[in-house]
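Q: Here it is, the structure in full.
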Amino acid sequence: MTETTDSRPGEMGCERCRAPYLELLAASYNDADRQPLHQLLVDSCVAQHPGGGDPRSVRRLSICLMTLCMVVESDADPRLGPRLHRRMVAYGGFRPLEPQPSAKSLHSRLSAADVVAAGDTREYGELLTAWGSEMWDAWSDHHARIREWIDRALN
Ligand SMILES: [Zn+2]
């Protein structure tokens, strides 16, 4: 995981998600069967906790929504995440997505607490994929713009 894809739970400021997310992160680092989906885990959590308008938060949200889009809509391999993020960061030009979905609406959907209950690798993959799809849907007002960013950054 590179600096650009890092999602520091300490910055998340979400009491409800911090503990289960930390547990999921640890399992994702330590379990070879989970590692291929690591980017989807980070992207889903960042999409649910978009942060403020400071450049670092804006950049993190932008690149995570872009890879989330590619994984959910185009079946991209989450393992490409760090490489894609480096290209996106090199392209730059990030702008805040306004208005953001509210924390309340983002938390009316699946969250880390639901995914942490997964019993095995298969169930983990299913729950994580469902979480990622719901988070992508939550940003539907901005889909067109995010797809545009992907085109510009990668073409
Ligand atoms: Zn949360």
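The values are calculated or read from the model by the stated rules, or taken from the named source; none is laboratory data. Note that the structure is predicted; figures quoted are calculated from it, not measured. Note: ideal-geometry Cβ built from the backbone for every residue, glycine included; neighbour counts use all protein chains shown.
Q: Of all residues in the stretch 43-59, how many are over 17 Å from Tyr21 (Cα atoms) and either within 16 Å of the ligand (Cβ to nearest atom) or out of contact with any Pro (no Cβ under 6 Å at 6 or more places or on another chain) (or both)?
A: 6
Q: Moving on. Report the residue count in the stretch 71-104 for those that are within 16 Å of the ligand (Cβ to nearest atom) and charged (D, E, K, R).
A: Total meeting the criteria: 1.
Q: Within the stretch 85-104, is even one residue of a type in the set (S, T, N, Q), in contact with a helix residue (DSSP H, G or I) (Cβ under 8 Å, 6 or more places away or on another chain) and either closer than 22 Å to Ser28 by Cβ or surrounded by 13 or more Cβ atoms within 10 Å (Cβ to Cβ) (or both)?
A: No, the stretch 85-104 contains no residue that is of a type in the set (S, T, N, Q), in contact with a helix residue (DSSP H, G or I) (Cβ under 8 Å, 6 or more places away or on another chain) and either closer than 22 Å to Ser28 by Cβ or surrounded by 13 or more Cβ atoms within 10 Å (Cβ to Cβ) (or both).
Q: Next question. All but one of (1) closer than 19 Å to Arg34 by Cβ; (2) touching a helix residue (DSSP H, G or I) at 6+ places or on another chain (Cβ under 6 Å); (3) touching a residue at least 60 places away in the same chain (Cβ under 8 Å) hold for Leu127, so report the exception by its number.
A: The single condition Leu127 does not satisfy is (3).
Q: Would you mind stating whether Pro36 is within 20 Å of Ala118 (Cβ to Cβ) and modelled with pLDDT of 95 or more?
A: Judged against the criteria, Pro36 is a match.
Q: Take the residues in the stretch 105-124 that are loosely packed, with under 15 Cβ neighbours inside 10 Å and not polar (S, T, N, Q), then tell me which one is nearest to the ligand (Cβ to nearest atom).
A: The qualifying residue nearest to the ligand (Cβ to nearest atom) is Ala117.
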